[in-house]
Protein chains: 2
Amino acid sequence: MPLRPHRPLPLATPAGVEVLTRILTQGPIPRVEIARRTGLSQAAVTKAVAPLIEAGFVTDQAAAPAELDSANGMVGIGRPVSPLTVVPRSVSVIGLKVTPTDLIGVTTDFTAGIRKVSHRPLDSTDPKTVIEQLADLAKELIGTLKSGAEVVGPVIGIGVAVSGDVDEKHGVVRDSPFMGWRDVPLAELLGRRLKLPIVVTNDVRALTVAEHWFGVGVDADSFAVVTIGSGIGCGLYINGEVVSGAYGVSGELGHLPLAPGDLVCTCGRRGCVETVASSDAILTRIRSTTKQPKLDLAGAIKLAHAGNEHARAAFDRAGEVIGSALAAMVNLVGPELVVIAGEGVAEYDLYEDRMRQAFGAHAFGAAGDCRLMLRSHTFDDWARGAAATVLRAYVRGEPPLHR
Amino acid sequence: MPLRPHRPLPLATPAGVEVLTRILTQGPIPRVEIARRTGLSQAAVTKAVAPLIEAGFVTDQAAAPAELDSANGMVGIGRPVSPLTVVPRSVSVIGLKVTPTDLIGVTTDFTAGIRKVSHRPLDSTDPKTVIEQLADLAKELIGTLKSGAEVVGPVIGIGVAVSGDVDEKHGVVRDSPFMGWRDVPLAELLGRRLKLPIVVTNDVRALTVAEHWFGVGVDADSFAVVTIGSGIGCGLYINGEVVSGAYGVSGELGHLPLAPGDLVCTCGRRGCVETVASSDAILTRIRSTTKQPKLDLAGAIKLAHAGNEHARAAFDRAGEVIGSALAAMVNLVGPELVVIAGEGVAEYDLYEDRMRQAFGAHAFGAAGDCRLMLRSHTFDDWARGAAATVLRAYVRGEPPLHR
């Protein structure tokens, strides 16, 4: 099947968007259940679904016998009430994650299921180099779609996840301390090379979108995703939507002023959580206290596991500040659960006790009932989050994927 | 007109609730504008409005000549497109605020407009005494409705605002350190005496509901209300709804662990913002540093205004911690604007500079673009917030005001 840059969804009304969203995130789901959950009439659901089936985005699954037996087994037009699912291969998406050292790319289907993965080391963090390498990686991934034996749908867009303050609306990376970027118009520059709609998003928010539509968020009324590693971030899902911040900033858990003011953060401020709890901060501290200036993170973790008290102390201190930050967050927004993810999860055992202690000491009242869940997590998940963000814009008809 | 405990709204569908909410919070508003803002068809809007007009909750205002001249001056059924408003006197609400020393009560109309106010000193914070005095105050206020020359609608319910952790669903005050209450089933106990639906709510959240429906929130996509005084609280409006917290706790800005850990908070924890920045904490500090153990708050404020350096230092320290707390909040949720209110606003000039300094130092990137607005504010506004919470439950058909 030839690739087309865009395959428009036949969704004319907000009700149609709502119906497709339910099928995508909660399917297999019968029409009657969509009607119940959305408050739409069954007729409205049936009307919204018909063109989606016609165009090959949605399908009736073979109904289970039990369902055919039920009293509601038939609807007005004589069609059995069989559950609806999206057709995963009807569209393809490219998701990319940028780190200071590597690019990670995935292709996914309509349900954000990962099909192909490709990593490549980055030659430099210079925007020009990164954009060229991103374009090459995207082309390589698009190539795998064309060459595969399976027939897959066209690429509807490319998502790029970057850490920092990202203006999603204009596709501009406003401030990414890790990349050393300021006001990089990534969507425009990459779009010129790839001739496809480009969505640029904050990486933690991308992960939260993926959890919202395809992960823990499907069943939770509210949740937070907290990522721990070279940076400390947080995505929030509250009142039916991922929190984006009126000015594009939200979830900056790593920049809450909860640490002593003696160290300057990568962002230039003092007292940020990351000055104590990022993996770099932990390593710097252990290098200094153990007087081993050439230690790497793996070595520092090894020292801590071996019981070196300086190394342990650095992780303890990180755990304490992370626990306080989690308490601050639940005291303010009161999520149902917190998913803890990120590269730092590998060292989780080194700070978990102190983290839970500090969380318990500072969580206010019933806010502390919130579950802290550990989620193992790879770099590919960041790229998948970028793809999920494209899918969301596509279904909703939001820029740059207008209908 | 005889008072009835409940006057049901003729709202059969979610669309009806949406339409009435727009008229109530954004009226006067033409039908065509409601259709545009809600995405409903004009026919659906007209259908939802008809029974509300019929039952006297909504009215067509006399249309302005300019509007009658417009091309859209007529709709299908030959009715001029005149803006819709609610009929303020169609219902009455009682709003009550409980403080450790006083009860404040108001009666409001359908638009949360205050009609009567009554304050009375509290004899004791014992729940039994408070409930008796609350019942008396409510009866007095209901009496003013009956005796007035104007014909007003029946009391649809009574709202009670209390500081602390309040379980709104069950009408239970779970933990109110200021009142010294734990698990007080206020709704049940007060309902027995008054035979009216009782809504019990956290006071800051009540204020946020009032701002959302009848204040700054009508035009803001997101906002925070921060109250400064004997306690420090925060209400958040994000993604189209006031944040309630999965476990009933949210907005506990006064209990973020941003202060040194040397003082124990009224909540029993260490390091809370309130240990430094509540009016009690400021007074205690000034009493100690000036060695004037009998100083009252007014005296402490006077000292600070006179330039006493100990008094100034206590306010400086409070301003710094409040500014850090505001920064933490905007870094996490990124509201469009922050309304600062509460009794402490009277001393605002004493800590504003330090507060803005600390906010500026810790707000991350564009999150700092958020406007900090000062809102003068009286105790009556807390009671009005409780009334607004009743109105919201009434319009939405939520407990205890089910249809």
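The values are calculated or read from the model by the stated rules, or taken from the named source; none is laboratory data. This one's a predicted model, so the numbers in the text were calculated from it and none came from an experiment. No Cβ is skipped: glycine too gets one built from the backbone with ideal geometry, and neighbour counts run over all protein chains shown. Surface areas here come from the heavy atoms of the whole protein model, side chains and all, with no ligands, DNA or RNA. Shrake-Rupley method; radii C 1.70, N 1.55, O 1.52, S 1.80 Å.
Annotations
- Residues of the stretch A:118-129 that are open to solvent by 70 Å² or more (accessible area, probe 1.4 Å) and either within 30 Å of residue A:88 (Cβ to Cβ) or not in a loop (DSSP other than H, G, I, E, B) (or both): A:119, A:121, A:128.
- Test set (1) in contact with a helix residue (DSSP H, G or I) (Cβ under 8 Å, 6 or more places away or on another chain); (2) β-branched (Val, Ile, Thr); (3) at pLDDT below 95 - residue A:200 fails condition number: (3)
- Residues that are in a loop (DSSP other than H, G, I, E, B) and among the acidic types (Asp, Glu) were ranked within the stretch B:243-281; the one that is farthest from the other protein chains (Cβ to nearest Cβ) is B:262.
- The conditions of being among the polar types (S, T, N, Q) and within 14 Å of chain A (Cβ to nearest Cβ) are met by residue B:324.
- Apart from one condition, residue A:252 fits all of (1) farther than 29 Å from residue A:316 by Cα; (2) free of Cβ contacts under 8 Å to residues at least 60 places away in the same chain; the exception is (1).
- So residue B:284, is it hydroxyl-bearing (Ser, Thr, Tyr) and more than 19 Å from residue B:344 (Cβ to Cβ): no
- Total residues in the stretch A:15-36, condition over 24 Å from the mean Cα position of the chain (by Cα) and within 12 Å of chain B (Cβ to nearest Cβ): 2
- With respect to the conditions (1) out of contact with any helix residue (DSSP H, G or I) (no Cβ under 7 Å at 6 or more places or on another chain); (2) of a type in the set (A, V, I, L, M, F, W, C); (3) within 13 Å of chain B (Cβ to nearest Cβ), residue A:379 falls short on a single one, namely (3).
- Filter pass, residue B:309 being more than 14 Å from chain A (Cβ to nearest Cβ) and under 25 Å from the mean Cα position of the chain (by Cα): no
- Scanning the stretch B:282-298 for residues that are open to solvent by 20 Å² or more (accessible area, probe 1.4 Å), more than 21 Å from residue B:257 (Cα to Cα) and part of a helix (DSSP H, G or I) gives B:287, B:288, B:289, B:290, B:297, B:298.
- Residue match in the stretch B:333-342 (condition: among the β-branched types (Val, Ile, Thr), within 14 Å of chain A (Cβ to nearest Cβ) and farther than 30 Å from residue A:167 by Cβ): no
- Single condition residue A:370 does not satisfy, out of (1) in contact with an Asp or Glu (Cβ under 7 Å, 6 or more places away or on another chain); (2) more than 10 Å from chain B (Cβ to nearest Cβ); (3) touching a residue at least 40 places away in the same chain (Cβ under 8 Å): (2)
- Residue B:199 vs. criteria in contact (Cβ under 8 Å) with a residue 24 or more places away in the chain and assigned by TED's automatic domain parsing to the domain that holds residue B:386: yes
- Within the option set A:319, A:342, being buried (at least 23 other Cβ atoms within 10 Å of the Cβ) and on the phi > 0 side of the Ramachandran plot holds for one residue only, A:342.
- Members of the stretch A:217-242 found to be over 16 Å from residue B:330 (Cα atoms) and either at the interface with chain B (Cβ under 9 Å from one of its Cβ atoms) or part of a loop (DSSP other than H, G, I, E, B) (or both), listed by number: A:219, A:220, A:221, A:222, A:223, A:229, A:230, A:231, A:239, A:240, A:241
- With respect to the stated conditions, residue A:362 fails to be modelled with pLDDT of 95 or more and surrounded by fewer than 20 Cβ atoms within 10 Å (Cβ to Cβ).
- Filtering B:189, B:145 for residues that are open to solvent by less than 40 Å² (accessible area, probe 1.4 Å) and either more than 14 Å from chain A (Cβ to nearest Cβ) or free of Cβ contacts under 8 Å to residues at least 60 places away in the same chain (or both) leaves a single hit, B:145.
- Condition check for residue B:303: open to solvent by 10 Å² or more (accessible area, probe 1.4 Å), more than 10 Å from every other protein chain (Cβ to nearest Cβ) and within 24 Å of residue B:163 (Cβ to Cβ): no
- Among the residues making up the stretch B:349-403, those that are under 28 Å from residue B:327 (Cα atoms) and of a type in the set (D, E, K, R) are B:349, B:352, B:353, B:354, B:356, B:369, B:371, B:375, B:381.
- Pairing residues of the stretch A:353-366 that are closer than 21 Å to residue B:260 by Cβ and facing chain B (nearest Cβ under 10 Å) with residues that are charged (D, E, K, R) and in a helix (DSSP H, G or I), at Cβ distances under 7 Å and at least 6 apart in sequence or on separate chains, gives A:358/A:320.
- Odd one out for residue B:206, checked against (1) away from every other protein chain (no Cβ under 12 Å); (2) open to solvent by 20 Å² or more (accessible area, probe 1.4 Å): (2)
- Selected residue (only one of B:245, B:229 is open to solvent by 10 Å² or more (accessible area, probe 1.4 Å), modelled with pLDDT under 95 and out of contact with any strand residue (DSSP E or B) (no Cβ under 8 Å at 6 or more places or on another chain)): B:245
- Against the criterion of being open to solvent by 10 Å² or more (accessible area, probe 1.4 Å), within 14 Å of another protein chain (Cβ to nearest Cβ) and assigned to a helix (DSSP H, G or I), residue B:212 qualifies.
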